[in-house]
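Engineer: Here it is, the structure, as structure tokens.
The values are calculated or read from the model by the stated rules, or taken from the named source; none is laboratory data. As the structure is a prediction and not an experimental result, all values here were calculated from the model. Glycine gets a Cβ as well: all are built from the backbone with ideal geometry, and neighbour counts include every protein chain shown.
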Amino acid sequence: MYTFIQKFHSGWAYLALLFLLIAIVNTIFGLSSKKEFTSTDRKIALFALIGVHVQLLIGLILYFISPLGKASLGQMSDSALRLTSLEHPLINIIGIILITVGWSKHKKATESSAKFKAIAVFYGIGFLLILSRIPWSLWFKN
């Protein structure tokens, strides 16, 4: 069960990051071309939001059943264990919170440029935070 969830978490990460990247590129294009915010733009941003939230749920399940999760919190001198047990979950949760804030701010905005800007800024910062704490050595090993 653990191996399946770990592989699913790693595989879904590719989709979540792709959705996020597409949403960011779409909003930057929308901002630069000064186009109206359409339902397609909303759906693209929503897919990215759903993708990262699903990734969070899978990650939380994995965290509590993994030997690299909360069980290794006392071993902070090992950088690999610190990354998987503390830095990766904490920074990614902060990134997902920022993405969620961007979604909420875009819904409250009335002008298209403000909608695009909220998504571009918050999704962009969240994306960078997530990328910064991916355990690349474990990800490519699996």
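Engineer: Does region 90-99 contain any residue that is part of a helix (DSSP H, G or I) and more than 17 Å from the chain's Cα centre (by Cα)?
Structural biologist: The initial filter retains those residues of region 90-99 that are part of a helix (DSSP H, G or I), namely 90-99.
Next, from what is left, pick out any that are more than 17 Å from the chain's Cα centre (by Cα): none.
No - not one qualifying residue is present in region 90-99.
Engineer: Restricted to region 93-142, and to residues that are among the aromatic types (Phe, Trp, Tyr) and surrounded by 14 or more Cβ atoms within 10 Å (Cβ to Cβ), which residue is farthest from SER79 (Cα to Cα)?
Structural biologist: Filtering region 93-142 for residues among the aromatic types (Phe, Trp, Tyr) gives 103, 116, 122-123, 127, 136, 139-140.
Still in the list and also surrounded by 14 or more Cβ atoms within 10 Å (Cβ to Cβ): 103, 116, 122-123, 127.
Numbers: TRP103: 33, PHE116: 38, PHE122: 28, TYR123: 28, PHE127: 22 Å.
So, considering only residues that are among the aromatic types (Phe, Trp, Tyr) and surrounded by 14 or more Cβ atoms within 10 Å (Cβ to Cβ), the one farthest from SER79 (Cα to Cα) is PHE116.
Engineer: Shifting gears a bit: Residue check: is LEU20 surrounded by fewer than 15 Cβ atoms within 10 Å (Cβ to Cβ) and either without any contact (Cβ under 8 Å) to a residue 12 or more places away in the chain or touching a Phe, Trp or Tyr at 6+ places or on another chain (Cβ under 6 Å) (or both)? Break it down stepwise before answering.
Structural biologist: Values: surrounded by fewer than 15 Cβ atoms within 10 Å (Cβ to Cβ): no; either without any contact (Cβ under 8 Å) to a residue 12 or more places away in the chain or touching a Phe, Trp or Tyr at 6+ places or on another chain (Cβ under 6 Å) (or both): yes.
Judged against the criteria, LEU20 is not a match.
Engineer: Would you check which residues across region 32-75 are at pLDDT below 95, outside any loop (DSSP other than H, G, I, E, B) and touching a Ser or Thr at 6+ places or on another chain (Cβ under 9 Å) and list them?
Structural biologist: TYR63, LYS70, ALA71, SER72
Yes/no per residue for (1) over 20 Å from ILE134 (Cβ atoms); (2) touching a residue at least 40 places away in the same chain (Cβ under 8 Å); (3) of a type in the set (D, E, K, R):
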| site | (1), (2), (3) |
| --- | --- |
| PHE8 | no, yes, no |
| LYS34 | yes, yes, yes |
| ASP41 | yes, yes, yes |
| GLY51 | no, no, no |
| VAL54 | no, yes, no |
| ILE93 | no, no, no |
| ILE97 | no, no, no |
| HIS106 | yes, yes, no |
| SER112 | yes, yes, no |
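Engineer: Anything in region 1-17 that is surrounded by fewer than 18 Cβ atoms within 10 Å (Cβ to Cβ) and closer than 16 Å to VAL54 by Cβ? List them, or say none. Step through it out loud before you land on a result.
Structural biologist: Of the residues in region 1-17, the ones surrounded by fewer than 18 Cβ atoms within 10 Å (Cβ to Cβ) are 1-8, 11-12, 14-15.
Of everything in region 1-17, those that are surrounded by fewer than 18 Cβ atoms within 10 Å (Cβ to Cβ) and closer than 16 Å to VAL54 by Cβ turn out to be PHE4, ILE5, GLN6, LYS7, PHE8, GLY11, TRP12, TYR14, LEU15.
Engineer: For the structure I just gave you, tell me whether TYR2 is in contact with a Ser or Thr (Cβ under 7 Å, 6 or more places away or on another chain) and touching a residue at least 12 places away in the same chain (Cβ under 8 Å).
Structural biologist: Values: in contact with a Ser or Thr (Cβ under 7 Å, 6 or more places away or on another chain): yes; touching a residue at least 12 places away in the same chain (Cβ under 8 Å): yes.
Judged against the criteria, TYR2 is a match.
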